[in-house]
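Scroll down for the structure; my scribbles are underneath it.
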Amino acid sequence: MIVSIHQPSYFPWLGLLDKISKSDKFVILDTVQLNDNAFQNRNIFLNQRGEVEYLTIPIIKKGYLKKSIRELKIANNKWQKKHHGFIIANYKKHAYFDEVYSVIKPLYQQQYVYLVDVLIDSMEMTFQLFNIATDVILASELDIDKNLKKDDLVIDILKKVNASVYLSGSGAKQYHDETKFKTNNIVLQYQIFKHPIYKQKNALEFIPGLSSLDIAFNLGINQSTELIKGLT
């Protein structure tokens with residue numbers, strides 16, 4: 001059984017969706033700290049001028065580095081109006097706006113207290129958009145040793161979910177201790193991902209690495225799903 005692990009992400013990019021779709025089970029790592037430089041409570045979108053813009057969900061900063069992602073509270077709900085307005089203003093004229101918007105609209109209509117709930121809901125919406133049926137598990141639901149770090153933490157999670165293969169991002173090659181996985185009878189595989197190029201209405205030249213909503217608005221649910229499934 002192939003398992004992948006990653007922190008929750010706000011409307012994740014195609015690379016993460018590709019890894020999840022190639023897995024039998026996906027573990028959302030909600031028990032670690034927020035990485036300010038990563039794409040957990042933020043992501044990249046295109047504005048009408050073809051410029052990249054970050055949409056960020058603000059968190060209460062006091063003591064946040066001592067808390068897990070699951071414990072973080074949202075600073076205020078002003079972000080919903082801002083993000084909602086941005087999406088309408090910059091994607092409304094896309095051919096497939098209506099069918100995608102109908103799926104994501106509820107995210108901007110309900111009240112949230114904890115960051116993790118927004119992130120998980122946004123991920124579930126992308127799974128719905130792109131027909132990803134991978135079994136999803138929260139790390140917080142597993143009996144994990146909180147003192148474990150890096151490979152030891154990953155292996156503990158993998159053993160808890162009976163994984164035989166761990167599908168890791170290719171960028172992790174530099175820090176994985178492959179002998180630890182062999183010792184625990186887990187095959188370590190690295191994701192092979194080539195970013196698809198598609199027509200972006202807002203850009204003169206293709207811009208990779210955006211939130212997966214960009215491809216959905218540009219190509220529609222059916223074409224996007226076919227392209228993503230073709231990467232597996």
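Descriptive notes on the structure:
- Qualifying residue in the range 107-114 (condition: part of a loop (DSSP other than H, G, I, E, B), aromatic (Phe, Trp, Tyr) and either in contact with an Asp or Glu (Cβ under 6 Å, 6 or more places away or on another chain) or open to solvent by 70 Å² or more (accessible area, probe 1.4 Å) (or both)): no
- Qualifying residue in the range 48-64 (condition: within 17 Å of residue 216 (Cα to Cα), among the small types (Gly, Ala, Ser) and open to solvent by 70 Å² or more (accessible area, probe 1.4 Å)): no
- Qualifying residue in the range 11-21 (condition: aromatic (Phe, Trp, Tyr) and buried (at least 18 other Cβ atoms within 10 Å of the Cβ)): yes
- Pair list, Cβ under 6 Å, 6 or more apart: the range 65-90 residue among the aliphatic types (A, V, I, L, M), other residue surrounded by fewer than 14 Cβ atoms within 10 Å (Cβ to Cβ): 75/60
- Residue-level check: of (1) more than 28 Å from residue 200 (Cα to Cα); (2) of a type in the set (D, E, K, R); (3) at pLDDT 95 or above, residue 42 misses just (1).
The values are calculated or read from the model by the stated rules, or taken from the named source; none is laboratory data. None of the values given here were measured: they were computed from a predicted structure. Heads up, the Cβs are rebuilt from the backbone with ideal geometry, glycines too, and the neighbour counts pull from every protein chain shown. To get the accessible areas, we keep the full protein, side chains included, count just its heavy atoms, and leave off ligands, DNA and RNA. Shrake-Rupley method; radii C 1.70, N 1.55, O 1.52, S 1.80 Å.
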